[in-house]
Amino acid sequence: MTNQLSPSNRNPDILFAGLLMQAKTVRPRFDVDRVRRAYDFSKAAHGYQLRRSGDPYITHCVEAALILTELLETSIDETIIIAALLHDVVEDTEVTLDDVEQRFGPTVARLVDALTKISGLPTGGRLHEQANTFRKMLLSMAKDIRVVLIKLADRLHNMRTLEHLKPERVMSIARETLDIYAPLAHRLGIAAFKWELEDLAFKHLNPDLYRELAGKVEMRRAERERYLDEVKGTVHRRLVQMGIKADVQGRPKHFYSIAKKMQDQGRPFEEIYDLLGMRVVTTSVDDCYKAIGAVHNLYTPIHDRFTDYIATPKTNMYQSLHTTVLGPRNVKIEVQIRTREMHRVAELGVAAHYSYKEGGEADPAAASALSAIMQQTAQWSEDATSPGEFLEYLKIGLYQDEVYVFTPRGDLVRLPKGSSPIDFAYQIHTQVGERTVGARVNSRIVPLRSTLASGDHVEIITSQHAQPSADWLGFVQTSRARSKIRRWMKSQRHEQSTALGREMFQKELKRLRLKLPAPEQLDDIAQALGYEGAENLFAALGNGDAGLKQVVAKAFPEEVEREERPRKPFSLEGLRDLARLPARGVSIQGLQNLMISFAKCCMPVPGDRITGVITRGRGVTVHRLNCPNAFEGRIEPERRIRVDWDVDRDQSFLVKLLVTGIERRGLLADVAKAVSATNTNIRTADMGSIAERVRGTFFVEVRNLRHLERVIKAVKDVKGVTDVERHQVFGDARIEDSEGEPEEEAG
Ligand code: MN
């Protein structure tokens, strides 16, 4: 074990001399004296503090500065190096921020302050603490990208020396690195940091798999290199013949990315690893296109695998031509072709555009990449209903690529990849979204569920009378569109229920030959029954939360007393009076305008065999034929009624699924992802665990039994899920009401 302290084998002075030498080589005007003062100051402040590796603490600060020097190359500057050297002094020593400011100026002090605040926040703690940490980090990062560069360098060095920590710390830091810091590096386009952070985290989180992959990679290395050398030679000779100056390189595969692809694509190691990577780096854009011609001429390109990221760069500024070809003996080779400058951006991302004059502003390209992340963070923060959800958005969102599209006026709109015209419409304005009836992309009418691509010009066609559709929830990508559509649906249901409740109430009064109370009276009645205002009372009546009899009795105590003789309770004649919205989903012996609800105990969906049960005052409830609550013995024959499915094309039905599984991080998110992948909307989801067993309930909206079966299968396939079943209340549940579930009407 290396946990115990051992005498240092790293001499910080020698490390630091190396750093100065390196900086001076790439930038002859590098201010060595100022940086040396910072080093001496930090070294004195950290004094005899040791790292758990046994090295003097100051080595960590120098290593972080070295990582930045290597990353930034010629754009290195004194300020970021000084801040890196001092990044832990305020947190870990007696030094105050004022000391730092007096000696090294306000910019350094500001950077150190931001870094102190970030690291003062707990690592791997509770969800809301973590969420807070990242929110703060992203906020301070937006003001100055140097904060995040130093933080990433700090984390990278800590990851490189992680084995010295206690096992439980190791796991939580590695987890956090994989969840947040590697995605962040990815989003900023800093490939070098991303790969190393991922592989180091993977090594600690899953040492067995890591060792296995490393062994397999090593075994095949020689064979692979021989093959690549052959192809590289052929391509290079051809380019030389054409007079193109280019470097042809093999591309190393990273362990974590191999493991992830094996898992995501469900394919064995060999298939992933045998896909070879090659890179051609040219000196001009022109040569890139010539080179791809040459490659396609030498080897057969695989259809549909050509992408031009030069014409449409990725959000993190990445540019390249991508193609996949069949090399000799039909081995697939992925080829990337780019210029030297593009290569620099591909490796360094935002850092490639990094150039700070003292007190100056960030490069515009870097600034816009940062502000994109900030806008999203703010959006996620707003949409999330809990810290856990915020973290999920962050984790998924940081990896999610974006597309840029244009409004008819030429304004740029940034959307997550896979977005539809509906996402675009809601991004413009909620009212535009709600009135969308169609869309033109590049002047052609397209379906609303089509996918937008970077560079598209999008025009939304609206109509005053248009309304959002629940179907949209099946394909929108942005949290904004999703939450706005849901909100609209909810308010719509409220309006419908209100209208229905009012009508039920009026009909009942008419039947009893009573006069409608004045509005103020109605409000009083509502209050007496515990509802705020008449409208809410009607809504409750309409959706069945309040009973008609009870409300009328409250409004006219004496009259109802007199009327108390029972009318024929379960006759169809009585039901006819309960005119309400057109029944949707089922037809009942040709009768129109019956009040229909779907039983909450068994939640039938089209495809299920069903039966109707006539209820007191609430129309017909539709049960599954095998539902214990609609069982022959329990229901008087005259209350049974035949119902048949009669579904509108866009109608969906709520189903409750019980999911059991073995606890692991991200299980809930993975189940949700699997459900969404079947184009299914999740209404609510809830998961809890006892010991290592997880039980969750999901309310999903499906169109029919086949759709439901697809969802169940998808959830069963999620790693860690042991069982999925459709909820059914047995035993004593009362007929109309099974408690504790959301009140939902189909459609
Ligand atoms: Mn540190």
query: Under a straight-distance cross-link criterion of Cα-Cα below 29 Å, which lysines are reachable from residue 515, leaving out those fewer than 8 residues away in the same chain?
result: 507, 549, 554, 568
query: Can you give the FRET efficiency for residue 453 and residue 216, using 1/(1 + (r/R0)^6), R0 = 45 Å, r = Cβ-Cβ distance, to the nearest 0.05?
result: 0.75
- line: Check: in segment 12-205 the Lys pairs 8 or more apart or on separate chains whose Cα atoms fall under 25 Å apart number 19
task: Enumerate the calculated ³J(HN,Hα) couplings along segment 325-330 in order (Karplus 6.51 cos²θ - 1.76 cosθ + 1.60, θ = phi - 60°), each rounded to whole Hz, writing x wherever the residue is Gly or Pro.
output: 10, 8, x, x, 6, 6
message: Skipping prolines and chain starts, which residues have an amide H placed within reach, meaning under 5 Å, of the one on residue 51, given they are 5 or more residues away or on another chain?
response: 57
- line: Ranked on Cβ counts within 10 Å of their own Cβ, fewest leading, 684, 621, 161 go 684, 161, 621
Protection proxy ranking of 674-680, 111-117 - average other beta-carbon atoms within 10 Å, highest first: 111-117, 674-680
query: What residues have an amide H closer than 5 Å to that of residue 310, excluding those fewer than 5 places away on the same chain, when H is modeled at 1.01 Å from N in the peptide plane?
result: 320
task: Please arrange 247, 98, 208, 423 by counting, for each residue, the other beta carbons lying within 10 Å of its beta carbon, fewest first.
output: 208, 98, 247, 423
- line: From fewest to most C-beta neighbours within 10 Å, the residues 227, 426, 299 line up as 227, 299, 426
- prompt: How about residue 290: which lysines have a C-alpha closer than 30 Å to its C-alpha, ignoring those fewer than 8 places off in the same chain?
  reply: 232, 245, 253, 314, 332, 417
message: What FRET efficiency comes out for residue 658 versus residue 74 if R0 is 51 angstrom and r is the Cβ-Cβ distance? Round to the nearest 0.05.
response: 0.30
- line: Listed by chain and number, the residues whose amide H is under 5 Å from that of residue 586, excluding neighbours fewer than 5 places away on the same chain and using placed H, are 646
- line: Once both label points are put 7 Å beyond Cα along the C-beta direction, the residue 284-residue 725 separation in nm becomes 7.1 nm
message: How much length would be gained if the chain were fully extended between residue 300 and residue 553, taking 0.36 nm per residue of separation minus their Cα-Cα distance, in nm to one decimal?
response: 82.9 nm
Inverse mean reciprocal Cα-Cα distance (Kirkwood Rh) of segment 215-352, Å: 15.7 Å
Pairwise FRET efficiency - residue 340 versus residue 20, Cβ, R0 = 22 Å, nearest 0.05: 0.20
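Rule-based calculations on the coordinates, nothing more; no lab input. Remember, predicted model here, so these are calculated numbers, not experimental data. Heads up, the Cβs are rebuilt from the backbone with ideal geometry, glycines too, and the neighbour counts pull from every protein chain shown.
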